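S.K.: One structure follows; several queries about it will come next.
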Amino acid sequence: MNLAIVLSVLGTLLRFQGYIMLIPLLVALYYHESTIPFLIGIILTEITGTFLWLRYKSDDEWKHKEAFAIVAFGWLTATVFGTIPFIASGISPVNALFESMAGFTATGATILDDIESHSKSILFWRSMIQWIGGMGIIVLFIAILPKLSIAGRHLFRAEAPVLKEEKLRPRIRGTAKILWMVYLVISSLQITMLHLAGMSLYDSIVHTFTTIGSAGFSPYGQSIVVFNSPLIEAILTLFMFIAGANFALLYRTVYLDHTSIFRDEEFKFYTAIVLVAAAVLTLTLRYDIYADTFTCLRYAMFQVVSIITTTGFASVDFNLWPDSSRIVLLVLMFIGGCAGSTSGGPKVVRVLLLLKYANRELFRSIHPRAVKNVKFNGKIVPDDIIHQTISFMIIYFLIFITSTFIVSLMDVDIITAFTASIATLGNIGPGFNIVGPMSSYNSMPSLAKLVMIANMWIGRLEVFTVIVLFTPEFWKK
């Protein structure tokens, strides 16, 4: 692997990240708040980035190994330097790293117990990095920085692995630009609708950042509960659902073929899961807690969409619900949104492929001589894709089990350890018990927080991009 290439690109990314910090700096100036946290962040980030870019500048050819390293270490580097404003505002280093990682990976798991006590500019930064991380740091840089588009296809695939690479334009930079265009249009639409529904402009922007990014940070400790507005909840539910869909599919539906979304198997399965889960949860809530059917449907639909899209917003404290209701949300934590969306988790398409594969093997056990292929959207899925999907799920669950075991050894109850592990690995945010939707991860031991930080990093890059760094073969020439 050519380390000079990796360090040079990391330098470029850091220089751009320094420019991004100018935005919350302007927010601090607008609200007459201290600009020191962002000035320190800009200076340190720009100096480091410029040094790496000048010292290791290289025109050598990029390969797969460099792409994996740039993406994995790019996210980690962005997270580390993203902690500077948090640390400068008085948050401890470990907690700042946790909050920054939860931000950039669009996880939404927070360590802040007193969210409202922090400045609007810090909370704006906290939400903005979720919006950037939702679509993808590398995808953004490919769209904006011409040099990265040279090997953009390797970077794109390392950051956002899907069944088939989306080619909306011949050049990967064109595809990245389109994805960000769709992202911006949807974000602008949601900001407008939330503002018209009664949110302040500030709240509309930060909640849009964390909705479209499938992230979940809110500037309020009680999340969406503080608004107590069915209209706002309906708007958020709609845009969370949109954010959980494939953005390339949305583009094709609007601009190329209006019927493509109705033919896409993953989207249809995604919609079916949401509707069935919401119906089941509505029935359990009607039986166990609420007497009003509309209230049950309101809370059920919001929480189902929030969890399956890994957004993590809460319009009610579902941690207080009985197990019959919470089990529905727990199952959704192991699914996630669609491939090509801003959602985390294993993704709907992988679950669908495994079900199709299981059905094929069951058919073969009855008809051993029959030929039956696994098909997706009318096309035969190659066996190597099936094997890759199975490998992903095996590694994903091994990481989840290991994480749960390690955290449970730290005097953390098993429900908390179990749900905190899947909530961070799946980039969901809240879990159950002490990491419920109205709580934070602050009470977790420092070592457990580090495990959760690793989970978020691994989960956001869909396992392989990070895990491959720990194999001896990766570092061999």
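The values are calculated or read from the model by the stated rules, or taken from the named source; none is laboratory data. This one's a predicted model, so the numbers in the text were calculated from it and none came from an experiment. Virtual Cβ from ideal backbone geometry, glycine too; neighbours counted across all protein chains shown. Only protein heavy atoms, including side chains, enter the accessible area calculation; ligands, DNA and RNA are left aside. Shrake-Rupley method; radii C 1.70, N 1.55, O 1.52, S 1.80 Å.
S.K.: What aspartates and glutamates does Lys65 reach when the alpha-carbon gap must be under 20 Å and sequence neighbours fewer than 8 apart in one chain are set aside?
M.R.: Answer for Lys65, where 20 Å is the Cα cut-off: Glu159, Glu165, Glu462, Glu473, listed by chain and number.
S.K.: Quick one: P(r) of the range 337-393 from all Cα-Cα pairs, 5 Å bins, percents rounded to integers, in order of increasing distance.
M.R.: That works out to 4, 18, 25, 25, 16, 6, 4, 2, 0, in percent per bin.
S.K.: What accessible area per residue comes out for the chain, rounded to a whole number of Å², with a 1.4 Å probe?
M.R.: Accessible area per residue: 41 Å².
S.K.: At a Cα cut-off below 20 Å, give the aspartates and glutamates reachable from Lys120, other chains included and same-chain residues fewer than 8 away excluded.
M.R.: Qualifying aspartates and glutamates at Cα under 20 Å: Glu33, Glu99, Asp203.
S.K.: May I ask for the longest run of the chain untouched by GluC sites (Glu not before Pro) that are loop-located per DSSP and have at most 15 neighbouring C-beta atoms (other than their own) within 10 Å?
M.R.: With a cap of 15 other Cβ atoms within 10 Å, the longest stretch comes to 166-477.
S.K.: Pairwise over distinct Cα atoms, reciprocal of the mean inverse distance: report the Kirkwood radius of the range 331-429 in Å, one decimal place.
M.R.: 15.2
S.K.: Tally up the carbon and sulfur contribution to the accessible surface of the chain as a whole percent, 1.4 Å probe, everything protein left in place.
M.R.: The value for the chain is 67 percent carbon and sulfur by accessible area.
S.K.: Give me the mean projected area, in nm² to one decimal, of the convex hull enclosing the Cα positions of the range 185-238. Write down the numbers at each step before the final one.
M.R.: On the way: hull surface 12.9 nm².
Hull-based average projected area comes out at 3.2 nm².
S.K.: Then there's this: Evaluated at 20 °C with a viscosity of 1.002 mPa s, what Stokes-Einstein diffusion coefficient in µm²/s does the chain have when Rh comes from the Kirkwood expression over alpha-carbon pairs?
M.R.: 94
S.K.: For a 23 Å ceiling on Cα separation, which of these pairs sit above it: Lys268/Lys356; Lys177/Lys268; Lys268/Lys375; Lys449/Lys476?
M.R.: Lys177/Lys268; Lys449/Lys476
S.K.: Would you compute, for the Cα atoms of the range 370-477, the largest minus smallest coordinate along each principal axis and list the three values in descending order, in whole Å?
M.R.: Here the Cα extents, ordered largest to smallest, are 53, 39, 20 Å.
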